[in-house]
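The values are calculated or read from the model by the stated rules, or taken from the named source; none is laboratory data. None of the values given here were measured: they were computed from a predicted structure. Neighbour counts run over all protein chains shown; Cβ positions are idealised from the backbone, glycine included. The area values use the complete protein model at the heavy-atom level, side chains included, leaving out ligands, DNA and RNA. Shrake-Rupley method; radii C 1.70, N 1.55, O 1.52, S 1.80 Å.
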Amino acid sequence: MKVAVFSTKPYDRVALTGANEAFQHELTFFEPALEERTAILAQGADAVCIFVNDVADAAVLRQLADLGIRAVALRCAGFNNVDLAAAEEAGIPVARVPAYSPHAVAEHAVALLLALNRHIHKAYNRVREGNFGLNGLLGYDLHGKTVGVVGTGHIGQVFSRIMVGFGCRVIAFDVRENETCLSDGVTYVPLETLFAESDIISLHCPLNPHTHHLINLETISQMKRGVTVINTSRGALIDTVAAIQGLKSQKIGAMALDVYEEEAELFFEDLSDRIIDDDYFSRLQTFPNVLITGHQAFFTREAMGNIAATTLRNLSEMEASGTCENEVRAMG
Ligand code: NAD
């Protein structure tokens, strides 16, 4: 298939080109993200390959259909950036990579939790500057703490197991229970109970209309004072303004983010010589108890290889049959 690959970075080219030896698609790499202004780049292609911050809304999908695009291949697990109903209407199947390495994301969530709690990011700089003082570096034992996991799918399951291994009590909320989590010792509780009892809350559910701003003023008020919140899922699960208020009032004791509501304007680019004009993001950066990474949880060698291979396989399947095992469809 002729594939227009949007939002490509050098590491995407390497992974996709390597994996494509087995598939022989004709890949054209574009640096810009897919949006209304750039959709025209897909002219002459049969399919588009997109990532987390590309926009495939109704207008873009209509444009793609007019250009003769027959498939959308997401090289990620989440699909909140695609209007699935519009894709169906346009007759374009959409496929994703459901599980490329749940370990990559779960381990990054743990890395954020450990770094944040033990102030590793601060300690690293201090020691390099010859400051061996410990003031401000006090953490807490994870052992014995209650960890609330929202969403126990592929990633939540791995994260829960690691937390059980640390000696934590793991409670979870999901719309359906996961047998493996239950046998690992995870207890399912209503969301209100999870908010009320957790010392640490980690988000691993998808972003959809039910989960948008799941963490908001109301739910923050239900949490334990000093709670640690970790989000490696999607930025808009957290109402940033409410989180800033929670941090200011110290209801939220610490927060680590790998994703951010308005990340499309920031992440994956080197903006170090520019002025960041997102005041909420800048405010978040001022808190000593906030740790942010730029959507890198997926970024391991294993995950990149699996993403590339599954994306290209999805394209081959859609080329052959117009559908594929990893197709995602609008619900209802
Ligand atoms: P998954 O589909 O395996 O699991 C998602 C789980 O969330 C499922 O068990 C589902 O039942 C549950 N869920 C759905 N609606 C819910 C709700 N309203 N409340 C609670 N739980 C709900 O997905 P996954 O592979 O575990 O990925 C989870 C999320 O992680 C993805 O949606 C994606 O947004 C994010 N992600 C982030 C990165 C990153 O690099 N930061 C990488 C991959 C995935």
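Please identify, among A309, A59, A95, the residue showing maximal mean-square fluctuation in a Gaussian network model of the chain using a 10 angstrom Cα cutoff. Answer for the Gaussian network model of the chain: A59.
Report the extension gain between V127 and E177 in nm, rounded to one decimal, defined as 0.36 nm multiplied by the number of residues separating them, less their alpha carbon distance.
Values: separation 50, 0.36 × 50 = 18.00 nm, distance 4.47 nm.
Residue separation times 0.36 nm, minus the Cα-Cα distance, leaves 13.5 nm.
Here the chain has 51 percent of its accessible surface on carbon and sulfur atoms, given a 1.4 Å probe and all protein chains in place. Of the residues Q63, Q157, Q24, which exhibits the maximal mean-square fluctuation in a Gaussian network model of the chain defined by a 10 Å Cα contact cut-off? Result for the chain, Cα springs under 10 Å: Q24 fluctuates most.
Longest exposed-loop-site-free stretch of the chain, with trypsin sites (Lys or Arg not before Pro), DSSP loop and at most 14 other Cβ within 10 Å? The segment 38-175 is the longest one with no such site. Dipole magnitude for region 46-146: about 660 debye, using +1 per Lys or Arg Cβ and -1 per Asp or Glu Cβ, origin at the Cα centre. Rounded to the nearest 20 debye, the dipole size of the chain about its Cα centre is 1140 debye, using +1 on the Cβ of Lys and Arg and -1 on the Cβ of Asp and Glu. Of the chymotrypsin sites (Phe, Trp or Tyr not before Pro) found in region 127-194, those that fall in a DSSP loop while having at most 12 other beta-carbon atoms within 10 Å are F132. Comparing L271, L191, L113 in a Gaussian network model of the chain (Cα springs below 10 Å), the most mobile by mean-square fluctuation is L271.
Provide the per residue accessible area, probe 1.4 Å, for region 102-292, rounded to a whole number of square angstrom. Mind dumping the intermediate values first?
Numbers: 9570 Å² over 191 residues.
Solvent-accessible surface per residue comes out at 50 Å².
Note on the chain: antiparallel DSSP beta bridges, both residues inside, total approximately 5 percent of the bridges counted. Label-to-label distance for E325 and R13 is 3.1 nm, based on points extended 7 Å past Cα in the beta-carbon direction. Any idea how far apart T193 and E218 come out in nm if each label point goes 7 Å out from Cα toward Cβ? Those two pseudo-labels are separated by 2.1 nm. Scattering from the C-alpha atoms of region 88-180 alone, worked out with Debye: what is log10 I(q)/I(0) at q = 0.20, 0.21, 0.24 1/Å? Listed by q, the Debye log ratios stand at -0.99, -1.04, -1.18. Among rounded, prolate and oblate, which fits region 1-130 when a ≥ b ≥ c are the square roots of the eigenvalues of its C-alpha gyration tensor, a/c under 1.5 means rounded, and a/b larger than b/c means prolate? Prolate, because a/c is 1.5 or more and a/b exceeds b/c.
Shape class of region 1-41 from the Cα gyration tensor (axes a ≥ b ≥ c, square roots of the eigenvalues): oblate, since a/c reaches 1.5 or more and a/b does not exceed b/c.
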